[in-house]
Amino acid sequence: MKMFCYQCQEASGGKGCTVNGICGIKADVANLQDLLIYNLKGLAYWQTKARNLDLQQSEISHYIIKILFATITNANFDLDWALIKLAEGLKLKEDMKSLFLKEFSKKNNEEFSENIPEAANWNEEVNIESLNHLTEKGYAVNQNAIANEDIRALISLVLYGLKGIAAYADHALPLGYENTEIWKFIESALATMLRTDLTIDELLKLVDDTGAFGVKVMALLDQANTTTYGHPEPTDVNLGVGNKPAILITGHDLLDLYELLQQTEKEGIDIYTHGEMLPANAYPGLKKFKHLVGNYGGSWWHQTKEFESFNGPILFTTNCLVPPKKSYKDRVFVTGNVAFPGTKRIAEREDGNPKDFSAIIKMAKKLNPPIELETGTIPIGFAHNSVLSVADKIVDAIKSGAIKRFVVMAGCDGRMKSRNYYTDVAEKLPKETIILTAGCAKFRYNKLNLGDIGGIPRVLDAGQCNDSYSLAVIALKLKEVFEMDSINDLPLSFDIAWYEQKAVIVLLALLHLGVKNIRLGPTLPSFLSPNVAKIIIETFGLKGITTAETDVAAIMTGQ
Ligand code: FSO
């Protein structure tokens, strides 16, 4: 079966995956996910129309962000899940379409006469008999269906940015934070993609708007997290292990961690974070649980080794999931938008009640404590609040020359060998530089012991990928203190690593904030056509990485 996917940095041959995904997704699932997105555009078309008559439904907005998030790289590998969600989406679309058409003619005394796009009208029975046809349809409507390569590139850029926005919105939602403007934007952008008369200029504007909403959603999630759990505070996180049975939690969802901590408090087991859950150790509302004992291992792609030696059950709250090996698959639990066939599922919250983690707790108690991988601690918790609380010290250090430059090295980690570049850059940067990081990219250099400058660690870890927002807040504050016109005038460089679509929205958000001359690696996105890449390079000075030596030398001269 054929497929086409080029949404992540690992796109096969730098072009796209066409047999199975390099990430492990099977072609039939990838095609169904493309069909989910196609239907989502149709659903967004009706929801956008419905907004004009005040008939919109929040159930539809929530479904839309769920599907966008679940189709992000390394999140959902499950065919049955895709079929269930497709049936759900088709029903939502049909119901909204009927409601809108009825109310429209009632209100206007005439039938709705606009040319309805195929995706908005398409409907089909979803069952196992129709599976072949559905996967073929999914393949036929994937990104490659857009004939003009520049339009395709820009629509892809917006779509992947929307997936990132949806992921962050989905984390803020259960904490009680949502913003209708964000729903409206996502829906209208999806509906816009169905237009056949889009111009490059219109799409460039939409790309910039997507970046603007990227800033908004990261600010919303920052507010949700810090209001709920307090501001992250500088914390030395333990890397060693204790002698109790334990649960490992990975992904980005802090509410899942909070509920797990509550339910395990008196159970005699320890909780460790993995990958992007590491920053949770810095939130007062989470670190107050004494049995949150530390972090185990490195970034997401190390899981196939590290989960074997952990011994206890592992809970995935979001991506990145690597298809589990037999040696630990029976210990994998998934929840939320993550799914992988044959793993155990923790059901969603119902009626405002917490998730029920009793199955994972029961398993943990019967298993051995983790095998130690390393010892020592790493400093985390340098989000905007804690960094700005020592702003005077930082400003003095800049003025005295003790700090010569900040280098933002946020983003994602990944399997590609060439990512050693980021370790090399961190090691080669002069000792008068501070690395500002967020996201799992940090695992390439956060254990290097790069020292400090007058008590300020040389790697300031703001948190998860969405906490790149913190780095922007810090940069904007420094610009204000030094009375500069632009953050590009600061002694600040950007050397960003990307992997999946949350990094796409982080990049678009930075471009929207006016950041110029960002280095992006290890490769530029495959979904950018030569023309679109040229426009972005010329407009924003975006560039690829070269070698650590060359780039460090250029960074230090402000290039
Ligand atoms: Fe990493 Fe994966 Fe946070 Fe991404 S764990 S790669 S950008 O999902 O989301 O930084």
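Please treat every number below as a calculation from the coordinates, not as lab data. The model shown is predicted, which means the values in this text are computed figures rather than measured ones. Positions of Cβ are backbone-derived with ideal geometry, glycine not excepted, and every protein chain shown enters the neighbour counts.
Checking every one of the chymotrypsin sites (Phe, Trp or Tyr not before Pro) in the stretch 452-559 against DSSP loop status and a limit of 14 other Cβ atoms within 10 Å picks out F482.
Among the GluC sites (Glu not before Pro) within the stretch 476-559, those in coil by DSSP and having at most 15 neighbouring Cβ atoms inside 10 Å are E483. Straight-line cross-link partners of K49 among the lysines, defined as a Cα under 19 Å from its Cα and at least 8 positions apart when in the same chain: K41, K91, K93, K97, K102, K106, K107, K184. Computed from backbone phi with θ = phi - 60° and the Karplus coefficients 6.51, -1.76 and 1.60, the 3J(HN,Hα) list for the stretch 82-87 is 5, 5, 4, 5, 5, 4 Hz; x is used for glycine and proline.
Of the GluC sites (Glu not before Pro) in the stretch 263-358, the ones in a loop by DSSP (not H, G, I, E or B) with at most 15 other beta carbons within 10 Å are E265, E348, E350.
Total lysine pairs in the stretch 383-556 at Cα distances under 14 Å, for residues eight or more apart or on different chains: 6. Peptides 101-110, 5-14, ordered by how many other C-beta atoms sit within 10 Å of their residues on average, highest first, read 5-14, 101-110. Listed values for the stretch 143-152 are Karplus-derived 3J(HN,Hα) couplings in whole Hz (6.51 cos²θ - 1.76 cosθ + 1.60, θ = phi - 60°), namely 4, 5, 5, 7, 5, 6, 5, 6, 5, 4, and x replaces Gly and Pro. Sorted ascending by nearby beta carbons within 10 Å, beginning with the fewest, K85, K266, K362 become K266, K362, K85.
Fewest-first ordering of D34, D95, D461 by other beta carbons within 10 Å of each residue's beta carbon gives D95, D34, D461. Checking the a/c ratio against 1.5 first, then a/b against b/c, what shape does the Cα gyration tensor give for the chain? In terms of gyration-tensor shape, oblate. Note that the stretch 180-196 has calculated 3J(HN,Hα) couplings of 4, 4, 5, 4, 4, 5, 4, 5, 5, 5, 5, 5, 4, 4, 7, 5, 9 Hz, one per residue in order, obtained from phi through the Karplus relation 6.51 cos²θ - 1.76 cosθ + 1.60 (θ = phi - 60°); glycine and proline are x. Taking a straight Cα-Cα cut-off under 17 Å and skipping sequence neighbours fewer than 8 places away in the same chain, the lysines within cross-link reach of K362 are K244, K266, K329, K344. For the stretch 12-129, list log₁₀ I(q)/I(0) at each q in 0.16 Å⁻¹, using the Debye formula over Cα point scatterers of equal strength and ignoring solvent, two decimals each. These q points yield log10 I(q)/I(0) values of -0.78.
What does the C-alpha gyration tensor say about the overall shape of the stretch 235-366? Classify as rounded when a/c is under 1.5, otherwise prolate if a/b is larger than b/c, or oblate. Because its axes are fairly even, with a/c under 1.5, the stretch 235-366 counts as rounded. Counting neighbouring Cβ atoms within 10 Å and putting the fewest first, the residues F310, F4 line up as F4, F310.
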